[in-house]
Amino acid sequence: LTAMGEPSMDPSISAADSTAQQDSLFSMMDVFLISLITGLFTYWFFFRKKKEEVPDLPKMQSVAAPVRDSSFIEKMKKTGRNIVVFYGSQTGTAEEFANRLSKDAHRYGLRGMAADPEEYDLSDLSRLSEIDKSLAVFCMATYGEGDPTDNAQDFYDWLQEADVDLSGLRFAVFGLGNKTYEHFNAMGKYVDKRLEELGAQRIFELGLGDDDGNLEEDFITWREQFWPAVCEHFGVEATGEESSIRQYELVVHTDVNMNKVYTGEMGRLKSYENQKPPFDAKNPFLAQVTENRKLNEGGERHLMHLELDISNSKIRYESGDHVAVYPANDSSLVNQIGEILSTDLDTVMSLNNLDEESNKKHPFPCPTSYRTALTYYLDITNPPRTNVLYELAQYATDAGEQERLRKMASSAAEGKALYLSWVVEARRNILAILQDMPSLRPPIDHLCELLPRLQARYYSIASSSKVHPNSIHICAVTVEYETKTGRLNKGVATSWLKNKVPNQNGSSSLVPMYVRKSQFRLPFKPSTPVIMIGPGTGIAPFIGFIQERAWLKQQGKEVGETVLYYGCRREHEDYLYREELARFQKEGVLTQLNVAFSRDQAEKVYVQHLLKKNKENVWKLVNEGMAHIYVCGDARNMARDVQNTFYEIVSEFGNMSQPQAVDYVKKLMTKGRYSLDVWS
């Protein structure tokens, strides 16, 4: 650097000297550059060599690669199965139906397996024809507003994008839905239609089960016609084997480490003692109840507001999401079952799958005690399905009782009618059946094998995470009614929640929960008007919506009109969140509060009547204000009546015919401007 600076500093240096110095300078630069280039080349060469070796690794691995765990084809070949029954199940019913169909197969000299589509690569459907007399059956439930169940989401996405030839595939579909919902059996219909479009051969017509009617009867009726169609297609005959086949074997643990015994956990052993996020259906968070207050001032019902503390859980939620809670059965019902069956409920046992190749090793977490199974894992309060009655019949020592059970489990019209009246309409649960049939005393392990799993209950979240980031609020009504047999039946979850004592140590204030995302969302722009319709506990998500709109207003955002249509029986009896709503209205967040008290006058007034009364304003908000409409609550009557009211308003003010008005509202739904969060 010194040599480079000198020429300009001393003009007496000759040109020759200057040239010599420049020659010296460039030779030094050349050496430097050559060294640098050589170094960089060497560095690149060795690293390039390592990168080039990477593609060879999969080849080395593929030589000894095991059969993919996700291939149901390989599993079927290995275990000699030719019928696979996939289920899309949210509450366990579709899974139960799939298990029943797969067990049926042996009667026809076939072998079936029930399969969760989430666990397998469904593109293998194109290879099913490699197996002789093969058939794929799909028991698909529809969730929410025409959506697939969580475990069938990937299958649904694959079907939409698939460009495969399924011409060698034979299939049948049974859908589980509810006619009170707008998109009745959408998932079953879509799977049936899409498989045919891809070239698959339907061997029996689509079955449409309706849970608003008698889902069990719908399934039995479809099933009794489905199997003859299978027999005809494959040229096989029923073997006549109607005998009971146990799926699990009992192992009693007399000397067991109690640290290895499940005590109510849904997935990982000791997960309630050692909580680790993320929290979901298989790993629920134990939330502390910090508030549990009665909302109504009078009346026979108990309406309640609960707050669950989710601090340090990393659980995130949005207004409109659902909270799922895992309840526990009433200990008195559990004890009575134990007494009737003369069982020590604290016996520690496991039920192990006799099919060693099955992914489902146990019907519920094992090892555990009978008490834990009957309290946390099994549904003991719903009327049992006909397959349970059929399996239990063999244990009735009285011929008349055995015949009665077998008749109710049969597909004969007389048997279906008896099951409907004696079990379904009388709301007889398993305890009531055991009480009313004194000779029926099955082994408790077989009963535990047959009973369906106790499912999580979903509630619309009644808070905004912007205002309450560390707590989730629930609004619920306790279910309690007298049956035709004079028994008092109580809702499992609401009775259990009612007894949760805030801020107490121990399980008396803890609720296993997780959040399920929803499409029920406020508009992206806060300035968009919203019309919310939610009578009774249907107000829950709107409390969250209004809280959020108030928060947005406090942040200086322009918030559009916020209109609520709420309904209850009587003003001074069950007007929920009266003080909160009055405060929001006073603050100008809730621009309209319309309340229908159905029983405070001779003629009943419901939310749809108030919508009709304000029809001009409603149309203006929808047509000019581009308002978003939200409906939450009862699907069977309220949601339908509200929708019909919107048809009338659109027809009158939009100068449209009835079909055009219906189409207009349907388009609002498609665009996400008419959203439903309803239940039946």
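The values are calculated or read from the model by the stated rules, or taken from the named source; none is laboratory data. Here the structure is a predicted model, which means the values were calculated and not measured. Counting neighbours? That spans all protein chains shown, and the Cβs are built from the backbone with ideal geometry, glycine included. Quick note on the areas: whole protein, heavy atoms, side chains included, nothing else; ligands and nucleic acids left out. Shrake-Rupley method; radii C 1.70, N 1.55, O 1.52, S 1.80 Å.
Assorted remarks:
- For segment 152-241, the solvent-accessible area with a 1.4 angstrom probe is 45 square angstrom per residue.
- For segment 86-94, 3J(HN,Hα) computed residue by residue from phi via the Karplus equation (6.51, -1.76, 1.60; θ = phi - 60°) reads 7, 10, x, 10, 9, 10, x, 5, 5 Hz, glycine and proline entered as x.
- Judged by the gyration tensor of its Cα atoms, with axes a ≥ b ≥ c, the chain is oblate; a/c meets the 1.5 cut and b/c is at least as large as a/b.
- The 1.4 Å probe gives accessible areas that order T343, T483, largest first, as T343, T483.
- Pairwise FRET efficiency - E300 versus S332, Cβ, R0 = 22 Å, nearest 0.05: 0.50
- For K189, K416, the ranking by accessible surface with the largest value first comes to K189, K416, using a 1.4 Å probe.
- Surface share of carbon and sulfur [accessible, 1.4 angstrom probe, percent] for the chain: 50
- Solvent-accessible area of E652 with every protein chain in place, 1.4 Å probe, in Å² to the nearest 10: 100
- In order along segment 323-339, the phi-based Karplus estimate (6.51 cos²θ - 1.76 cosθ + 1.60, θ = phi - 60°) of 3J(HN,Hα) comes to 9, 9, 10, 9, x, 10, 6, 4, 4, 5, 5, 4, 4, 5, 5, x, 5 Hz; Gly and Pro are listed as x.
- Label-point gap, in nm, between S657 and Q225 - each point 7 angstrom along Cα→Cβ: 3.4
- Residues listed by number, segment 343-366, amide nitrogen under 17 Å from T254 label point at 7 Å toward C-beta: 344, 346-350
- At R0 = 45 Å, FRET efficiency that the Cβ-Cβ distance of E74 and K276 yields, to 0.05: 0.85
- Within segment 72-234, percent of DSSP bridges classed antiparallel, to nearest 5: 10
- Pairwise label distance in nanometres, E648 with R246, each label 7 Å out on the Cα-Cβ vector: 6.2
- With DNA, RNA and ligands ignored, accessible area of Y108 (1.4 Å probe; Å², nearest 10): 40
- Amide H contacts for G207 (H built 1.01 Å from N in the peptide plane; partners 5 or more residues away or on another chain; cut-off under 5 Å): V173, F174, G175.
- Residue-averaged [θ]222 nm for the chain, counting only DSSP H segments that reach four residues, each worth -39500 (n - 2.57): -10500 deg cm²/dmol
- Assigned charges on the beta-carbon of Lys, Arg, Asp, Glu; segment 625-680 dipole about Cα centre (debye): 220
- Here segment 129-226 yields Rg over Rh of 0.98, to two decimals, using C-alpha coordinates and the Kirkwood radius.
- A simple spin-label model places pseudo-atoms 7 Å from Cα toward Cβ; at T397 and E118 they are separated by 4.4 nm.
- Environment charge at K466 (Cβ cut-off 14 Å; Lys +1, Arg +1, Asp -1, Glu -1): +2
- Local net charge near A476, Cβ-Cβ under 10 Å (Lys/Arg +1, Asp/Glu -1): +2
- Applying the Karplus relation 6.51 cos²θ - 1.76 cosθ + 1.60 with θ = phi - 60° to segment 388-395 yields 3J(HN,Hα) values of 5, 4, 4, 5, 6, 3, 4, 8 Hz, where x marks Gly and Pro.
- Taking all protein chains as shown and a probe of 1.4 angstrom, S421 keeps an accessible surface of around 60 Å².
- 5 angstrom amide H check on T263, placed H, neighbours 5+ away: K270
- Full extension of the chain between T239 and Q585 yields a length gain of 117.5 nm, computed as 0.36 nm times the residue separation minus the alpha carbon distance.
- Efficiency of FRET from Cβ geometry, E291 and I203, R₀ 51 Å, rounded to 0.05: 0.35
- Per residue value of the accessible surface for segment 530-678 (all protein chains in place, 1.4 Å probe), Å²: 45
- Simple Cβ-charge dipole of the chain, Lys/Arg +1 and Asp/Glu -1, about Cα centre, in debye nearest 20: 1240
- Gyration tensor verdict on segment 328-454 (Cα atoms; rounded if a/c is under 1.5, prolate if a/b is larger than b/c, oblate otherwise): prolate
- For A287, distant residues with modelled amide H under 5 Å away: V511, M513
- For the listed residue pairs K553/K604; K490/K667; K75/K260; K179/K586, the alpha carbons are over 32 angstrom apart in K553/K604; K490/K667; K179/K586.
- Candidate residues E403, E449: accessible-area rank, largest first, probe 1.4 Å: E403, E449
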